[in-house]
Amino acid sequence: MTHKIAVVGGDYIGPDVVAEGLKVMHAAGVDFVAEEFELGAQRWKKDGEVLSDETLDELRGFDAIFLGAIGGAQGEVPSGLLERGILLKTRFDLDLYVNLRPFLLPEENIDFLVVRENTEGTYAGEGGFLRKGTPHEIATQGSVNTRKGAERCIRYAFDLAQGRERKHLTLVHKTNVLTFAGDLWQRTFDHVAAEYPDVDTNYQHIDAACIHFVTNPQQYSVIVTDNLFGDILTDLGGAVAGGIGLAASANLNPDRTAPSMFEPVHGSAPDIAGQNKANPVAAILSAAMMLEFLGDNDAGARIRAACEDAPEGSTTEIGDAIAARLSQNANTER
Ligand code: IPM
Ligand code: MN
């Protein structure tokens, strides 16, 4: 079946890495049609559109969304406008409640996945100002944690851990300080754990997990954590597992009531934009995750294999080399 893919290149290096992802999908012989949506800083500057409800409804009609990176240069766009208005709006409105981020570095025996809750926590946007602009100004930023939200994310993580060779799941939080949110997460985790007696579990505070990520990342199989901890921890994961240029991610609606969104963990990197310098592997591996989620496990696996020991070079050179490996294999198989 032809996959209908909505493509949002976004800002700066975003469109460049996404182009390599599409190139590689073509080389792998994937049957898909892509429709591009111009969203991001340039679009906002042009006509003020961030992401309208109409555009979001159009996106709902696709099988998946392949996104590069969203974010203007410093001072170009009000902080958070595009992040909240595009990325978070899509995550929230399409109910993409799992942010799945794999980290794989076989030469160092690193092979784990982070399941980041993707619709709640401090990202929910609860809070506000009082007496803004006065010397008595107050800003609050709440963390929203629902039982349902934590439970569905934790259950996804248990399922994932159960399906792996190392059936192990680590809960990461800060239960010693965030005694309300942490308590809800811990109780929910313990409750769900009872349904998975074959999955071993442990708990780490977020600060301790940061040390373990650096000193012994081999210990992990699957990690589940809240939105903000997961955001920070997965940048660190990128750094310890070969660099942020390799870190892929999937924003999943596991219930498939709306299309899921696939994007590299890295941002739009205005500092290196236009220099053909960005590593496209994170975007290409995100495309592989997309194909696997769409049921095309074969293409996903072949793309993954073609990314192993990817050569150094420019954005297009790396993309070309990976694409060439795929078309070569296709030829020898015929
Ligand atoms: C990420 C990014 C986003 C996030 C930003 C751009 C809003 O850092 O996907 O990790 O914080 O979730
Ligand atoms: Mn991040």
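The values are calculated or read from the model by the stated rules, or taken from the named source; none is laboratory data. Only a predicted model underlies this, so the values are computations on that prediction, with no experimental measurement involved. FYI the Cβ positions are ideal-geometry reconstructions off the backbone, even for glycines, and counts take in every protein chain you see. Only protein heavy atoms, including side chains, enter the accessible area calculation; ligands, DNA and RNA are left aside. Shrake-Rupley method; radii C 1.70, N 1.55, O 1.52, S 1.80 Å.
Which is farthest toward the positive dipole end of the range 97-246 among 240, 229, 161, measuring Cα position about the Cα centre, with Cβ charges +1 (Lys, Arg) and -1 (Asp, Glu)? It is 229, whose Cα lies furthest towards the positive end. For the chain, the fraction of 1.4 Å probe accessible surface lying on carbon and sulfur atoms is 51 percent.
What translational diffusion coefficient, in µm²/s and rounded to a whole number, does the Stokes-Einstein relation yield for the chain at 4 °C and a viscosity of 1.567 mPa s, taking the hydrodynamic radius as the Kirkwood radius over Cα pairs? The estimated diffusion coefficient comes to 63 µm²/s.
Restricting attention to the chain, close to 45% of DSSP beta bridges with both partner residues there are antiparallel.
Among 213, 170, 188, which residue has its Cα furthest toward the positive end of the charge dipole of the range 100-236, with +1 on Lys/Arg Cβ and -1 on Asp/Glu Cβ? Checking the options against the dipole of the range 100-236, the answer is 188. For the chain, a Gaussian network of Cα nodes joined below 10 Å ranks 99, 145, 251 by mean-square fluctuation, and the top entry is 145. Relative to one another, the C-alpha centroids of the range 264-311 and the range 199-257 are positioned 18 Å apart. Farthest towards the positive end of the charge dipole of the range 97-246, among the residues 150, 103, 197, is the Cα of 150, using unit charges on the Cβ of Lys, Arg, Asp and Glu. Surface exposure of the range 97-246, expressed per residue as accessible area with a 1.4 Å probe, stands at 47 Å².
Using only side-chain charges placed at the Cβ, +1 for Lys and Arg and -1 for Asp and Glu, the dipole size of the range 166-272 relative to its Cα centre rounds to 160 debye.
Can you check how the C-alpha radius of gyration of the range 143-214 compares to 2.2 N^0.38 Å, as a plain ratio?
1.10
Comparing 197, 259, 15 in a Gaussian network model of the chain, where Cα atoms under 10 Å apart are tied by springs, the biggest mean-square fluctuation is seen for 197. Here the range 122-149 is scanned for amide nitrogen atoms under 15 Å from the site 7 Å beyond the Cα of residue 191 along Cα-to-Cβ, giving 145-149.
Under a 5 Å amide H cut-off, with hydrogens placed 1.01 Å from N, residue 260 pairs with 65, 253 among residues at least 5 apart or on other chains.
Taking Cα centre as origin and charging only the Cβ of basic (Lys, Arg, +1) and acidic (Asp, Glu, -1) residues, the dipole magnitude of the range 97-246 rounds to 400 debye.
How much of the pair distance distribution for the range 16-61 lies past 18 Å, counting alpha-carbon pairs only, in percent?
When every Cα pair of the range 16-61 is considered, 47 percent fall beyond 18 Å.
Calculated from DSSP H runs of 4 or more alone, at -39500 (n - 2.57) each and per residue, what is the 222 nm mean residue ellipticity of the chain, nearest 500? Mind showing how you got there, number by number?
Working: 11 runs with 131 residues, N = 334.
Computed ellipticity for the chain at 222 nm equals -12000 deg cm²/dmol.
Among 290, 261, 25, determine the one that fluctuates most according to a GNM of the chain built with springs between C-alpha atoms less than 10 Å apart. Of 290, 261, 25, the most mobile in the Gaussian network model is 25. Rounded to the nearest 20, the size of the Cβ-charge dipole of the chain about its Cα centre is 500 debye, with Lys and Arg at +1 and Asp and Glu at -1. Largest first, the extents of the alpha carbon coordinates of the range 41-152 on the three principal axes equal 54, 35, 32 Å. How much net charge surrounds residue 290 when only the other residues with a Cβ under 11 Å from the Cβ of residue 290 are counted, with Lys and Arg +1 and Asp and Glu -1? Overall, the nearby charge balance is -4.
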